[in-house]
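Here is the structure we will look at, set down as structure tokens.
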Amino acid sequence: MLVRTEGIVLRSVPYKETSRLATLYTRTLGKLTLIAHGAQSIKSRFGATLQLLSHVQAVIYTRPTRSIQILSDCSHVRVHKGITGDLTKVAIGQRICELVLSLTEEGQNSPEIFDLLVRVLNALDSPEVDAVLLKLYFQIQLMELLGFAPAFSRESVEEIDDSGGYLLLENGTITSEAKEDLSTLFASRGVLRAFAILHRADFDIILRLKLTAAQRKELHTLVTTFMQYHVPDTYPVRGQKVIDQVLGS
């Protein structure tokens, strides 16, 4: 069956002499591993469409009995030139791809995850955007779509005073007091509020959110620890060192 669908290129590697294996997260078929025959040839019809982070329109020949489907044709929907020219944004984009590759199942469709990818990558492509903050927003939203959404109330966030508070890692509750026998992480008032904003605020508000370097680093620890707590066996760590270097610089 031939299927035409949009997709984001999460991974692309050479295969044999002239082909490539690519993993796309598609709008209608979820995550798929595809073979693009002849993609490495000089006159390939695929051109540069299989570069990492490309937003493409793909024509896929699918068969339920195959684990690897065939990419018949591919064209660009959007080229993220604002990402590819910035090393920090490239690292963030690669980390986002790594998270989706590790935490989603092959062939399990989620249009919401595809839309989240498109929204974040389009924003990352814009100038003067806080790339690290976008990645943290992506992580929190992805956790919700995977079934691990934080569960705090507006009142509990407002109760946090200048002395700071705690995030309960088990359920994402924000509280002013640590709970015995529960895994908690202390954070400042501003960072706990930023955590709440990343989860519930409109996207245009996220783009206007301003944090100090110290707050961004603390928020990064908070979000990453919460995510790793819930998916310890599948949480990817390879790209984390790169992000830590980005934050450190």
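The values are calculated or read from the model by the stated rules, or taken from the named source; none is laboratory data. Every value quoted in this text rests on a predicted model; they were computed, and no experiment measured them. Please note: Cβ atoms are built from the backbone with ideal geometry, for glycine as well, and neighbour counts cover all protein chains shown. For accessibility, only protein heavy atoms count, side chains too; no ligands or nucleic acids. Shrake-Rupley method; radii C 1.70, N 1.55, O 1.52, S 1.80 Å.
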- Item | Counting all C-alpha pairs of the chain, share separated by more than 33 Å (%) | 24 percent
- Taking only C-alpha pairs under 8 Å that are 6+ residues apart, what is the relative contact order of region 146-194 in percent? 37 percent
- Apply the Debye scattering formula to region 150-249, with a single equal point scatterer on each alpha-carbon and no solvent, then give log10 I(q)/I(0) at q = 0.15, 0.17, 0.19 Å⁻¹. -0.64, -0.82, -1.01
- Message: Compute, for region 87-188, the length of the dipole vector about the Cα centre, with Cβ point charges of +1 (Lys, Arg) and -1 (Asp, Glu) only. Units Debye, rounded to 20.
- Response: 460 debye
- Task: Specify the inter-centroid distance of region 103-150 and region 1-42, based on alpha-carbon positions, in whole Å.
- Result: 21 Å
- Message: Ordering Lys43, Lys179, Lys89 by accessible area with a probe of 1.4 Å, largest first, what comes out?
- Response: Lys43, Lys179, Lys89
- Taking a threshold of 18 Å on the Cα-Cα distance, which of the pairs Lys179/Lys217; Lys135/Lys179; Lys135/Lys217; Lys135/Lys210 fall above it? Lys179/Lys217; Lys135/Lys179
- Any lysines with Cα under 20 Å of the Lys16 Cα? List them, leaving off those in the same chain fewer than 8 positions away. Lys43
- Can you send over the carbon and sulfur percentage of the accessible area for the chain, probe radius 1.4 Å, protein chains only? 50 percent
- Relative contact order %, the chain, counting alpha carbon pairs below 8 Å whose residues are six or more apart: 15 percent
- Item | Computed E for Asp233/Lys43 - FRET, C-beta separation, R0 51 angstrom, nearest 0.05 | 0.70
- Message: Could you report the accessible area of Asp115 in Å², rounded to 10, computed with a 1.4 Å probe on the protein chains as they sit in the structure?
- Response: 60 Å²
- Task: Place a +1 charge on the Cβ of each Lys and Arg in the chain and a -1 charge on the Cβ of each Asp and Glu, then give the dipole magnitude about the Cα centre in debye, rounded to the nearest 20.
- Result: 1400 debye
- Message: Suppose R0 equals 22 Å. What FRET efficiency, 1/(1 + (r/R0)^6) with r the Cβ-Cβ distance, do Phe203 and Arg78 give to the nearest 0.05?
- Response: 0.80
